[in-house]
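**Student:** What follows is a structure written as structure tokens; I'll ask about it next.
The values are calculated or read from the model by the stated rules, or taken from the named source; none is laboratory data. Keep in mind that this is a model prediction, so the values were computed, not measured. Every residue, glycine as well, gets a Cβ built from its backbone with ideal geometry; the counts of neighbours run over all protein chains shown. These area figures cover heavy atoms from the full protein model, side chains too; ligands, DNA and RNA do not enter into them. Shrake-Rupley method; radii C 1.70, N 1.55, O 1.52, S 1.80 Å.
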Amino acid sequence: MSSALLYAGAGMGLLLVGVWALVLRAHLLRKVLAINVMGSGAFLLLVGAGAMGGGPVDPVPQAMVITGIVVSISATALALALVLRIAYATGKAALPEDRERDLMDREGR
Amino acid sequence: MSSASRPPGEPGLLLRAVLALLLLAAAAGVALALVAGQVAPGLSGAVAAALPDSGASNPVTAVLLNFRGYDTLLEMAVLTAAVVGVWSLGPAPRIRETEPSPVLLGMNSVLIPLAPLICAYLLWAGSSRPGGAFQAGAVLAAAGVLFIISGRRPAVHLPAAPMSWGIVAGLGVFLAVALAVMPGGRELLEYPRGLAGALILLVETAATVSIALILAGLFIGGRPEDEP
């Protein structure tokens, strides 16, 4: 198994973990983190898959990933600012349909 | 734990099961595609063939600023839109109420003077080695963040223009260059061959300043007090 395949597989794993948390967790900070984990997984998957061909590494996926990283940083900053506003305005960092839920997601309940 | 004992609003077992099935299916599809190997030869050959005309000898920089200049132009637009969004939510929260620790101030006096130097190196290295506007801008933004968390102002008097001018400069210069090459029958962003290197450096320098200001502006978390 080549190291590029390992990177791509790890990226896919991160992507799945991120989607899982994004859908199931209620706290908006967790959702923002989940989107970040998803993004990191997508970047790792792209770069890993781009390096699997053997020969010279394809620069196009790398350029796309660095563009993606910058977009992901700015989207995270905007999302965090929105989470703060929601928490100030409503007293709870959750979407309206998740207001009733326990935001700490404590296990065993 | 049965779904009956679940607190109200908690996602049920059915939702979890459907989600798990969907994710496993997606994973299986991607894994099959990865194991099956490369279908197309990739673009490294095409990039290498066009590299001498691109104005940069580092293939990633050539892709970012020449072959796929649209991506980078629109990325600057996304960054500018993000900072406009954050600033429009309200004034910046006060970050520091107490006196900063001497450790932070001592570290600042070492790190902040180094930041412009590293920034200039990364910007210049981008044409031939790993580096470029985003890395350089991020280093400069880190110096800005150190200033912000220490609550101090730069001792050097920076030009007193509003921060928003610097924030739109990167997108503005990029758009101006993209449009300025059009007379003479060229497409948007199609640099003339002899000028490509100089134009890329001009775009990258403006982008570095803007990226640094945008990242610092995002860190502030709202519109700065002295900003109109």
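**Student:** Could you check B:Arg223 against (1) within 14 Å of chain A (Cβ to nearest Cβ); (2) out of contact with any Phe, Trp or Tyr (no Cβ under 7 Å at 6 or more places or on another chain) and say which number it fails?
**Tutor:** Going through (1) within 14 Å of chain A (Cβ to nearest Cβ); (2) out of contact with any Phe, Trp or Tyr (no Cβ under 7 Å at 6 or more places or on another chain) one by one, B:Arg223 breaks only (2).
**Student:** Restricting the search to the range B:175-208, which residues are loosely packed, with under 13 Cβ neighbours inside 10 Å and outside any helix (DSSP H, G or I)?
**Tutor:** Passing the criteria: B:Met182, B:Pro183, B:Gly184, B:Gly185, B:Arg186, B:Glu187, B:Leu188, B:Pro192.
**Student:** Here's a follow-up. So, of the residues in the range A:14-30 that are of a type outside the set (A, V, I, L, M) and open to solvent by 60 Å² or more (accessible area, probe 1.4 Å), which turns out to be modelled with the lowest pLDDT? Steps first, please.
**Tutor:** Here is the first cut: in the range A:14-30, the ones of a type outside the set (A, V, I, L, M) are A:18, A:20, A:25, A:27, A:30.
Of the ones still in play, those that are also open to solvent by 60 Å² or more (accessible area, probe 1.4 Å) are A:20, A:25, A:30.
Numbers: A:Trp20: 93, A:Arg25: 88, A:Arg30: 93.
Top of the filtered list is A:Arg25.
**Student:** A further question follows. Scan A:Ser74, A:Ser40 and give me the residue that is at pLDDT 95 or above and part of a helix (DSSP H, G or I). Walk me through it before giving the result.
**Tutor:** Details: A:Ser74 fails: at pLDDT 95 or above.
Being at pLDDT 95 or above and part of a helix (DSSP H, G or I) holds for just one of A:Ser74, A:Ser40, which is A:Ser40.
**Student:** I need a count of the residues in the range A:74-83 that are surrounded by 19 or more Cβ atoms within 10 Å (Cβ to Cβ) and more than 7 Å from chain B (Cβ to nearest Cβ).
**Tutor:** 1
**Student:** Anything in the range B:105-128 that is exposed (fewer than 14 other Cβ atoms within 10 Å of the Cβ) and within 14 Å of chain A (Cβ to nearest Cβ)? List them, or say none.
**Tutor:** Result: B:Ser128, single match.
**Student:** Report yes if B:Val86 is farther than 24 Å from A:Met64 by Cα and open to solvent by less than 10 Å² (accessible area, probe 1.4 Å), otherwise no.
**Tutor:** When the stated conditions are applied, B:Val86 passes them.
**Student:** Restricted to the range B:59-109, and to residues that are among the polar types (S, T, N, Q) and assigned to a loop (DSSP other than H, G, I, E, B), which residue is modelled with the highest pLDDT?
**Tutor:** B:Ser101
**Student:** Just checking, does the range A:31-49 include any residue being open to solvent by 60 Å² or more (accessible area, probe 1.4 Å), away from chain B (no Cβ under 11 Å) and on the phi > 0 side of the Ramachandran plot?
**Tutor:** Within the range A:31-49, not a single residue is open to solvent by 60 Å² or more (accessible area, probe 1.4 Å), away from chain B (no Cβ under 11 Å) and on the phi > 0 side of the Ramachandran plot.
**Student:** Working only within the range B:41-58, note down all residues that are within 9 Å of chain A (Cβ to nearest Cβ), open to solvent by 60 Å² or more (accessible area, probe 1.4 Å) and not in a helix (DSSP H, G or I).
**Tutor:** Across the range B:41-58, the qualifying residues are B:Pro41, B:Leu43.
**Student:** A further question follows. Please find, within the range B:59-104, the residue that is nearest to the other protein chains (Cβ to nearest Cβ) out of those that are among the hydroxyl-bearing types (Ser, Thr, Tyr) and without any contact (Cβ under 8 Å) to a residue 24 or more places away in the chain. It would help to see each step written out before you state the result.
**Tutor:** Going residue by residue through the range B:59-104, those that are among the hydroxyl-bearing types (Ser, Thr, Tyr) are B:61, B:70, B:72, B:80, B:88, B:98, B:101.
Next, from what is left, pick out any that are without any contact (Cβ under 8 Å) to a residue 24 or more places away in the chain: B:98, B:101.
Details: B:Thr98: 21, B:Ser101: 25 Å.
Filtering first and then ranking leaves B:Thr98.
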